[in-house]
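*Asks:* Please see the structure below; I have some questions.
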Amino acid sequence: MSPEARISPLQVEQALRLLPEVDALAPLRAFLVSTSRGRDATQPYRTVGTRLLLPADLTHAVPRAIARVTEHLRALYDAAVEALQAEQEDDLPAAVASLLRAGELEVQVGRGTQAHAWYDQALRIAETLRDRRPEIAALRRFGDLKTRLGRFDIAARYYQRSLAIAEAERDREGSARACHGLGEVALAQAKWQGAGSWYTRGLQYEADDPSLAAHLHLGLGEAARARGQFETAEEQLGRAQRLFAAHGDDVGLARVLNAVGDLEALRERRPEALARYQEAFAHLRPVAGYPQLEIAIRLRICQLYLDWGRLPDAEDEIRRAEETAIVHNATPELARLYLVMGQVRGRQEDDTGFVFFEKAIELCRGPEPTPRLEAEVYLEYGLFRKQLGELEEAEAYLGRAREILEAIGNGPLLARVDAELATLPTV
Amino acid sequence: MTNAATKTPQHPASDAPDHAPPLRVLAVGDHTREFRELARFTEAEGGVLHTTPDSSRALRILTQERWTLLLVQLDDDTGDRLAWWAEVLRRMSGRPRLVALVPTPSIGLALRATALGVLEVLSTTVDRERYCELLRRVRDAEREATLPLPTARAQSVGGGRLVAESPAMLPVFRAIAQVAPGTASVLILGESGTGKELIAQAIHADSPRATGPFVAVNCAAIPENLLESELFGHEKGAFTGAVGRKIGRFERATTGTLFLDEIGDMSLALQGKILRAVQEREVERVGGSDPIPVDVRLIAATNGDLPRLIADGRFREDLYYRLAVVTITLPRLAERGDDLLALTAHFLDAFGRQYHKSFTGITDQAVDLLRGHEWAGNVRELRNVVERSVLVADGPVLRAEHLPEEWRTGGGRTAHAEPSPLATMRDVEARHIARVLTHTEGQIGEAARILGVHRNTLARKIRDYGL
């Protein structure tokens, strides 16, 4: 055997341990993960950390990574230069728009902290302007970012400020968008009635944007479904679907079909639910750049299979979602997938399933921390331990979830953690 | 041709082959003229073709009814779309075979299609002969003879959990019987998926420690940084993430058996700690200061070549000798002959109960596919395959269509294309009789005439084979 043939590939976690966590290497670390290869598919406990890579392969791939980084930097620099030119021309609303665009570019590559800095700068300028539309937009972007990071209370405050100014300025579209944001926050916090009220209020502004109206109907449909009002949900989702279809909005259609799939699943019409999810994929397939939505749909399919008792199919689906998340460096989504994997193993009373919770926690604490999700992982980890009869550990993990939620402020989840802690027998 | 929304009854052509399930073809696309022509060809072969203009409607129809073949009309540059269809069909029970219709089929697309398990890529301007030949091929594949499932008998050793009758497993059973009553450490060798943990459980179940716990650790599954605390436990605050005190697996296995699977994947540092724990019969939790006595019987397993790892300096020789007091080597599934079918029957029964289904038979083609597979993943792979088959099966018989798509299209790891040479005479004869009976629709007299045996002889054989 030649010496080369005996060189075994590195594991991802081994490689990441070796590289220092410096900013300059962050894109390479991400690239290293996204280009790694899965191990033997029969290994039930494999995670992103155990994927394999050959440094020699990376040598060939580095120019591609650099090209991607350069492209991103160029777009950021262009936005920055445009902002400077706008300032020189005394067109500060345009400067704010450029800064916000740069922030959006950072969001697209999962750099929330950097996006925050761009938005902060944009908001500071916007607050000095007589025209308040840039400020409305900047506050909304902050709301979107905080929603994405699971900081719902802060997100709601930003949207509220955006709404107050938009209403004062009689900006119908700005008001409707802020209401949509508030509806999304309420939906994420399981405040169904509140969510429905915000979406309805958004529709009352009759903004001249059918896509926005479609999103508001979609939200109304989801809120109604969550409250068990299936007919209303069906009607609202139907409206959303027609509006999205009229404008050829494939991503919108994918979202609404995903929601219809959820509705069918709740009605225990599983084959129909599966068909709707597949239709959602059919619309998403030709549109690149929505890995989060693809993962979300796959997670729903996984949930459907779990409820169906089809565990192998559920695992297949989650592994496909894992591949998408890894290829697109969708770290929070990957953490959520491992959270679900841990839950699945818990149902099977498989104690080695703890490796998925541990990996999820590690991912939540990465360069872009997601404390709300981390708390959720600790909550489920605690329940996993409780299921296995390990009460001392269960209490410790639930306690850790509590600490995080107290720090970031999340009432509904905190209440759930407290309820779980209360059910634990004294250790 | 019928629109899927307005189906018409099927009228098999007079010259259509008999004894085959009707062919139901769903065509997706808007090539009405071509589809009309295909509908004529399909009817001539005794089938029926329905059309639907788009994928959304097709998905609804596919979930509502059973189809033999799905024809999807695509553009030339359409690999992604094809992959999507292949993925959609994979999730469906009684899934139809996929055929792509493209304006000008390329070799690249054909290769991609094969890898995806697509049956055929045809030109939109369909050649009648080629299309009809394809239909006949699909129909032939559907014409399968049913065989009874063998009885899966569990062996008396190891608490009656081991299903095996093959001579290759005899030395394993002997070894279990010899080592179980003692206290010696055992090293189990075998490829991944051969059932090493099951053997460890069997030893534990037949040992004096059977009333104690059996604790298993898959060393390869647990990341290196977590494995030490998993094995030895930790005190609260011992490291970041140690949010509470944790009892390690050594402690949990006290008075019972600790099974360390995939031990060859462990770091040298951890190997040293295990050796110390085994020699001194005590462990120390990470971040703790007091030694904790442990009383465990150690069983280790690996699919690696430990002597080679020792030679490479990656495994401690002293630990190896400590573990390998007794060594048991498990055969690969491919070496276990008819255990393949016995295990298939066992898993069909187990998963059938789990998913509320009942199986009484298996078709000859399914047997051929099972025997023809390489089984690199051994019994674990078989278990996974059977579980998935149970999920998609829609009757009491396991058919070829319930097995992985790629096996039928040549994409899987097959050991050989022909039925396995390991089949017994009895197996071959039973299968041939079943095939002839399927052909004669169960008429014994006609079957006896074709087989050239007396009717009574055939009747006896049918009884013997449980056909």
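*Asks:* Can you give me the long-range amide H partners of B:V283? Hydrogens built in the peptide plane at 1.01 Å from N, cutoff under 5 Å, separation of 5 or more residues or another chain.
*Replies:* B:I292, B:V294
*Asks:* Just rank B:M169, B:M266, fewest to most, by other beta-carbon atoms within 10 angstrom.
*Replies:* So the ranking, lowest neighbour count to highest, is B:M169, B:M266.
*Asks:* Another question about this same structure. So what is the relative contact order for chain B, in percent, with contacts set as C-alpha pairs under 8 Å and at least six apart?
*Replies:* Details: 828 pairs, mean separation 70.4, N = 467.
Computed over chain B, the figure is 15 percent.
*Asks:* Counting only other chains, what is the mean number of Cβ atoms within 10 angstrom of the Cβ of each residue in peptide A:340-353?
*Replies:* Across the residues of A:340-353, the mean count of other-chain Cβ atoms within 10 Å is 1.
*Asks:* Okay, moving on. Per residue of segment A:268-285, what does 6.51 cos²θ - 1.76 cosθ + 1.60 with θ = phi - 60° give for ³J(HN,Hα)? Whole Hz please, x for Gly and Pro, Karplus curve as stated.
*Replies:* Whole-Hz 3J(HN,Hα) from phi for segment A:268-285: 6, 9, 5, x, 5, 4, 4, 4, 5, 4, 5, 4, 4, 4, 4, 7, 7, 3.
*Asks:* Under a point-charge model restricted to the Cβ atoms of Lys and Arg (+1) and Asp and Glu (-1), what is the dipole moment magnitude of the protein assembly as shown relative to its Cα centre, in debye to the nearest 20?
*Replies:* Around 1800 debye, computed over the protein assembly as shown.
*Asks:* So what is the orientation-averaged projected area of chain A, using the convex hull of its C-alpha atoms, in nm²?
*Replies:* Computing the convex hull of the Cα atoms and averaging its projections yields 23.5 nm².
*Asks:* Answer rounded, prolate or oblate for segment A:64-131, using the Cα gyration tensor with square roots of eigenvalues a ≥ b ≥ c: rounded when a/c is under 1.5, else prolate when a/b is larger than b/c, else oblate.
*Replies:* oblate
*Asks:* Something else about it: Sort out the exposed loop GluC sites (Glu not before Pro) in chain A (DSSP loop, at most 12 other Cβ within 10 Å) and tell me the longest stretch that has none.
*Replies:* A:90-205
*Asks:* Starting from the amide H of B:L147, placed 1.01 Å from N in the peptide plane, find each other amide H under 5 Å away whose residue is 5 or more places distant or on another chain.
*Replies:* B:I362, B:T363, B:D364
*Asks:* Still on this model: For segment A:310-324, in order, what is each residue's ³J(HN,Hα) by Karplus, 6.51 cos²θ - 1.76 cosθ + 1.60 with θ = phi - 60°, in whole Hz (x at glycine and Pro)?
*Replies:* Values per residue, Gly and Pro as x: 9, 4, x, 5, 4, 5, 4, 5, 5, 5, 5, 5, 4, 4, 4 Hz.
*Asks:* Another question, if that's okay. Would you grab the residues whose amide H sits under 5 Å from the one on B:L122? Only those 5+ places off in sequence or on another chain, please, with H modelled 1.01 Å from N.
*Replies:* Placed amide hydrogens put B:A100, B:L101, B:V102 under 5 Å from B:L122.
*Asks:* What list do you get for A:Y381, A:Y338 if you sort them by fewest beta carbons within 10 Å?
*Replies:* Lowest to highest Cβ neighbour count: A:Y338, A:Y381.
*Asks:* Sorting A:D153, A:D90, A:D249 on the 10 Å Cβ count, fewest up front, what's the list? Present the calculation step by step, with values, prior to reporting the outcome.
*Replies:* Working: A:D153 13, A:D90 8, A:D249 19.
The order, fewest Cβ neighbours first, is A:D90, A:D153, A:D249.
*Asks:* May I ask you to evaluate 6.51 cos²θ - 1.76 cosθ + 1.60, the Karplus curve with θ = phi - 60°, for each residue of segment A:356-366 and list the ³J(HN,Hα) values in order in whole Hz, giving x for glycine and proline?
*Replies:* Whole-Hz 3J(HN,Hα) from phi for segment A:356-366: 6, 5, 4, 5, 4, 5, 4, 5, 5, 9, x.
*Asks:* A further question follows. Given 20 Å bins starting at zero, what is the percent of C-alpha pairs of the protein assembly as shown in each, up to the one with the largest pair distance?
*Replies:* Cα pair-distance distribution for the protein assembly as shown, in percent: 12, 39, 36, 13, 1, 0.
*Asks:* Under a 10 Å cutoff between Cα atoms, tell me which one of A:P63, A:P332, A:P210 has the largest fluctuation in the Gaussian network model of chain A.
*Replies:* Of the options given, A:P63 has the highest mean-square fluctuation.
*Asks:* Let me ask something else about it. If you place +1 on the Cβ of every Lys and Arg and -1 on the Cβ of every Asp and Glu, how big does the dipole about the Cα centre of segment A:312-427 come out, in debye to the nearest 20?
*Replies:* Roughly 240 debye for segment A:312-427.
*Asks:* Can you show me the helix-derived [θ] at 222 nm for chain A, built from DSSP H runs with n ≥ 4 at -39,500 (n - 2.57) apiece and divided by the number of residues, rounded to the nearest 500.
*Replies:* Computed mean residue ellipticity for chain A: -25000 deg cm²/dmol.
*Asks:* Where a Cα-Cα gap under 15 Å defines reach, which aspartates and glutamates qualify for B:K246, not counting those fewer than 8 residues away within the same chain?
*Replies:* A:D351, A:E358, A:E390, A:E392, A:E393, A:E395, B:E228, B:E230, B:E235, B:E284, B:D290
*Asks:* OK, next. Go ahead and run the numbers for FRET between A:H247 and A:A188, Cβ-Cβ distance against an R0 of 30 Å, rounding to 0.05.
*Replies:* Efficiency, from the Cβ-Cβ distance: 0.70.
*Asks:* While we're looking at this one, here's another question. Choose one answer from A:G252, A:G110, A:G366: the residue with the largest mean-square fluctuation in a GNM of chain A with alpha-carbon springs under 10 Å.
*Replies:* It is A:G366.
*Asks:* Now for a different question. Of all the C-alpha pairs in segment A:347-427, what % are more than 16 Å from each other?
*Replies:* Percentage above 16 Å: 48.
Bear in mind these aren't lab numbers, they're just calculated from the coordinates by the rules spelled out. Because the structure is a prediction, the values reported are computed rather than measured. Virtual Cβ from ideal backbone geometry, glycine too; neighbours counted across all protein chains shown.
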